[in-house]
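Notes for the one structure printed next.
The values are calculated or read from the model by the stated rules, or taken from the named source; none is laboratory data. In this text the structure is predicted, and so the values were computed from the model without any measurement. Counting neighbours? That spans all protein chains shown, and the Cβs are built from the backbone with ideal geometry, glycine included. Only protein heavy atoms, including side chains, enter the accessible area calculation; ligands, DNA and RNA are left aside. Shrake-Rupley method; radii C 1.70, N 1.55, O 1.52, S 1.80 Å.
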Amino acid sequence: MRYLVGMNFARLRKEKGFTQERFAETSGFTQQYVSDLERGRRNPTVVTLFHLASALDVTPADLVAEVTSDQTD
């Protein structure tokens, strides 16, 4: 699950045009946290998922959704 969240977060962050650094500046998360999250080294809480999703203007469910092949193209 950590890897799925990290992969979804990285994809959505890039789709929104954020670098890790810019996301960290605007969201209040550290760049190190963002990096660790994307590499599957963090296990975010439900509250953290909510805050990450809010900062990306997506739903928390988007961060835990299974990725389909058309989403990765």
Helix-only CD estimate at 222 nm, as mean residue ellipticity for the chain, using -39500 (n - 2.57) per DSSP H run (n ≥ 4): -18500 deg cm²/dmol
Cα-based Rg and Dmax for the range 10-73, where Dmax is the largest Cα-Cα distance (Å): 11.3, 32
Mean accessible surface per residue for the chain, computed with a 1.4 Å probe while every protein chain stays in place, in Å²: 62
In nm, spacing of pseudo-spin labels at Ala61 and Thr19 (7 Å Cα→C-beta vector): 3.4
